[in-house]
Each structure stands twice: as C-alpha cells, then as structure tokens.
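The values are calculated or read from the model by the stated rules, or taken from the named source; none is laboratory data. None of these values were measured; they are calculated from a predicted model. All Cβ positions, glycine included, derive from the backbone under ideal geometry; neighbour counts span all protein chains shown.
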Amino acid sequence: MRSLSMRWSFWQQKESSYLAVLLGLAVMLIAVPVVAQAGEAELKMEIDKLWAKMANIEGTSPVATDREGASVRTAGGQNWADRLTLSGVVEVEAGVYDDDTVTESDIALATVELGVDAEVSEFSSAHVLFLSEDGGGPEVDEASITIGNTDKKPLYMTAGKMYVPFGNFETQMISDPLTLELAETGEDALQFGVEVAGFYASLYAFNGDADDGGDDEIEHYGANAGYAFEADAVSIDVGGGWISSIQDSDGLTDALGLAPGPNVPEYVGGYAAHLIAGFGPVTLIGEYVGADDDLGGVGTNSQISAYNVEAGVSLPVAGKEIGFAVGFQTSDDALWAGAPEERLVAAFGVELLDGTSLALEYLYEEDYSVTDGGSGTDWNTYTLQLAAEF
C-alpha cells in the first residue's frame, strides 16, 4: 500500500490533469441538454473524448469499439474479453466395485472444473480454478498471480494458492496414480522460477500443516528442475524435485491426522522423479515419489514410496482419436496411508465429438499381506466416463 506522502506526491503530479478532467465533466453536464439536441452520435463523441483524456492521464487507452461501433472500456487499450481465457471440464462416471464379498455400483458427477486465466498486462497474469469433485460444493482449488512472461523473459514469480511443483503425476488413466495420492501438495505458496531453451527450474516456500515446534511461520520449501523437448513426433520431459516436508502432501496430512500446533517430531524430506516420452502415437510415463526417512505412521516402518509406469498408444480412426493404455503402480510402507500395495490398470478411450470423449477403465488392486498388517485381499473397479472439455 502506498504511504501518505507517496499518495500526496502522486496527487501533486496529477492534480492539474485531474482538475482539467473534472472541469470537463462539469462542462459536459451543463452542456448535455445542448448536445442532446444535436443527437446521440454527438453525445457519444463527447463521451469518447472524455475517456481519451482519462486514458492520457493513466497512460492507457480505455476506449475501444465493438463490432457495432459502440464504446467499450478496456485496460491497456484492449478489450478485456480478448484477455480472458475460459476453460473447463465436466466428467460423469458410472462405476462398479467388486471385492468378492460385496458388489457396489453408482453413477455420479465426478468432476466439474472451471478455469479462468487473465492476461492482466504483458508481464502479469492471473489464474483461478474452481473445482467440484464427487458431488461436493465448488471451491477455489487454485488462485495465483504470475509476474513474468516466459515467452519473452526466462524469469517469473508466482504467488497464491497452487500445487507446488513436487511430482508430475501425468497419467493416461481415468483414476489418479498412487504417486499423486501420496505426494500431491496444494499450498498457499511463493514460487520463483526460470524457463529457458527447454530447461526449467524453480524454488518455492510455504507455511504448511506439519509443525515440529509450534511456530506458525514459513519454514517449508522445495525445488524442482528438468528439461522438456518437443520436435516433430518426439517429445521428452525429464525432471525431479525435492520438498523439505513430505508430511505436507494432501494425502499424508490427512493420513497422519495433523492438527494445529506441534504435530510431528521432525520434518521428513521427499524426492520425486519423472520421465515422460512420446514417440509418434506412443506415450511412455515413469514416475517415483518417496520419503527419505520414517514418517512415524502405523507399523514398524513408514518410509513411504510409490511408482507409476504406463504405456499408451493413440491413433486417429475415421477422423477421431482412439487410445489404449496400460499401467502398473506399486507402493511401499504406505498401508497406514490407505494405499494398496499393487495396482494394475488398463484404459480405453474414444473421441466421440470435438472435446467430448468416452473412456472405460479396469482397475485391479491388491492390499498388503496379512503379515504386513493388511488384509491380503484384492478388488476390481470398472469405470465408464463421459467427459466434455472446453
């Protein structure tokens, strides 16, 4: 916020210009009856002239015309409609769950997303994402401001509610991979990054839920780096990251039951690495996430880790995309976090219309053995998803 002296200085610099505009407004109000007699076109002309004077004061040009020639106020001389990008996803799913003892089925509105991205200026932008999952009320899932433009300069800063860049979690399936369930971390954070010639890296900091001493302060941080390349039919994205407190991931925070105040004996760091490669119609995905020490969960060992490996192919058939993918996922020492030990998954999808697709997924999961504290059982889930993306 500007200080009183700064605001006074600003007013002194602009005083004469604002007085001129105010005087112009007064004259215009007196002259409205006269101008009205001259017709609507003359009145519109006078209004546009006044907005032009205001634009000169602020250093912008807030007057434009739409297709019918009507005046439209904008920021930076550009219609705000041209600066906004709306996007969204609606997913409806029908599922069947079977574990040999019970069979359940349901139809549900699984996901609703609405994203708004605004180009505030050449080097600043804003992002907001509203999310509703499994019939829950909509909430602000992401909201951030970015200073920078990596198309022009390599450095940027992002502040707000975001998923910090720990893990990649790319998948070709309907369900989320185990790596995401254990390591995705949504926080109010500050991130500084760089992107140049395919290389990317960032540092970030936040005040998480994990607390080893009762101090409510920004003491969690992390870093990531990688390289992304794309040319013709080949694409590669390889990278990795580190976080000072993997206990702050959304899934582990819930599993540990972290309440406000001192809640962990010490912070445990986490590591992540991923490789995503595309060769024509074939996509390969590999990812690892894991803690570097025991997390103090239930059991003799809770140094959790998870892997995800996928292979998929997508081909155009009759002008529509058809894809098939298979994957294998496994976790280690993560029974206390509610994760299965192994997961086999296969998915088939077809593009019905532009932006509308239908997909079928088969998921086989196996629990930890009885000797490891699990049930030793397995179960199957079948999911049919109709999705529209815009």
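To keep it simple, each residue is scored yes or no on (1) at pLDDT 95 or above; (2) surrounded by fewer than 16 Cβ atoms within 10 Å (Cβ to Cβ); (3) under 24 Å from residue 258 (Cα atoms); (4) touching a helix residue (DSSP H, G or I) at 6+ places or on another chain (Cβ under 7 Å).
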site	(1), (2), (3), (4)
190	yes, no, yes, no
222	yes, no, yes, no
235	yes, yes, no, no
239	yes, no, no, no
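Looking for something touching a residue at least 12 places away in the same chain (Cβ under 8 Å), more than 20 Å from residue 169 (Cβ to Cβ) and in contact with a Pro (Cβ under 9 Å, 6 or more places away or on another chain) - is there at least one such residue anywhere in the range 262-276?
The answer is no; no qualifying residue exists.
State all residues of the range 333-367 that are at pLDDT below 95 and surrounded by 15 or more Cβ atoms within 10 Å (Cβ to Cβ); if no residue qualifies, say none.
333, 334, 335, 336, 337
Mind counting the residues in the range 315-341 that are closer than 18 Å to residue 376 by Cβ and part of a loop (DSSP other than H, G, I, E, B)?
Number satisfying all stated conditions: 6.
Looking at (1) closer than 22 Å to residue 130 by Cα; (2) touching a residue at least 40 places away in the same chain (Cβ under 8 Å); (3) buried (at least 19 other Cβ atoms within 10 Å of the Cβ); (4) in contact with a Phe, Trp or Tyr (Cβ under 9 Å, 6 or more places away or on another chain), which is the one condition that is false for residue 174?
Exception for residue 174: condition (4).
Residue check: is residue 154 over 16 Å from the mean Cα position of the chain (by Cα), assigned by TED's automatic domain parsing to the domain that holds residue 202 and modelled with pLDDT of 95 or more?
Values: over 16 Å from the mean Cα position of the chain (by Cα): yes; assigned by TED's automatic domain parsing to the domain that holds residue 202: yes; modelled with pLDDT of 95 or more: yes.
The answer is yes for residue 154.
Could you please give the count of residues in the range 89-102 that are over 15 Å from residue 364 (Cβ atoms) and part of a strand (DSSP E or B)?
Result for the range 89-102: 6.
Residues being out of contact with any helix residue (DSSP H, G or I) (no Cβ under 9 Å at 6 or more places or on another chain) and either in contact (Cβ under 8 Å) with a residue 12 or more places away in the chain or not assigned by TED's automatic domain parsing to the domain that holds residue 349 (or both): count how many of those fall in the range 318-332. Walk me through how you get there before you give the answer.
So the first thing to find is which residues in the range 318-332 are out of contact with any helix residue (DSSP H, G or I) (no Cβ under 9 Å at 6 or more places or on another chain), and the list is 318-328, 332.
So of that shortlist, the ones also either in contact (Cβ under 8 Å) with a residue 12 or more places away in the chain or not assigned by TED's automatic domain parsing to the domain that holds residue 349 (or both) come out as 320-328, 332.
Here the count works out to 10.
Determine, yes or no, whether residue 311 is under 17 Å from residue 184 (Cα atoms) and either basic (Lys, Arg) or at pLDDT 95 or above (or both). Give the steps one after another, and end with the answer.
Details: under 17 Å from residue 184 (Cα atoms): no; either basic (Lys, Arg) or at pLDDT 95 or above (or both): yes.
Here the answer is no, as residue 311 does not meet what is asked.
Quick check on my filter: what residues within the range 192-220 are buried (at least 17 other Cβ atoms within 10 Å of the Cβ) and over 20 Å from residue 146 (Cβ atoms)?
208, 209, 210, 211, 219, 220
Conditions (1) among the aromatic types (Phe, Trp, Tyr); (2) outside the structural domain of residue 194 (by TED's automatic domain parsing); (3) over 30 Å from residue 322 (Cβ atoms), marked per residue:
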{"residue": "228", "(1), (2), (3)": "no, no, no"}
{"residue": "238", "(1), (2), (3)": "no, no, no"}
{"residue": "250", "(1), (2), (3)": "no, no, yes"}
{"residue": "264", "(1), (2), (3)": "no, no, yes"}
{"residue": "270", "(1), (2), (3)": "no, no, yes"}
{"residue": "279", "(1), (2), (3)": "yes, no, no"}
{"residue": "282", "(1), (2), (3)": "no, no, no"}
{"residue": "285", "(1), (2), (3)": "no, no, no"}
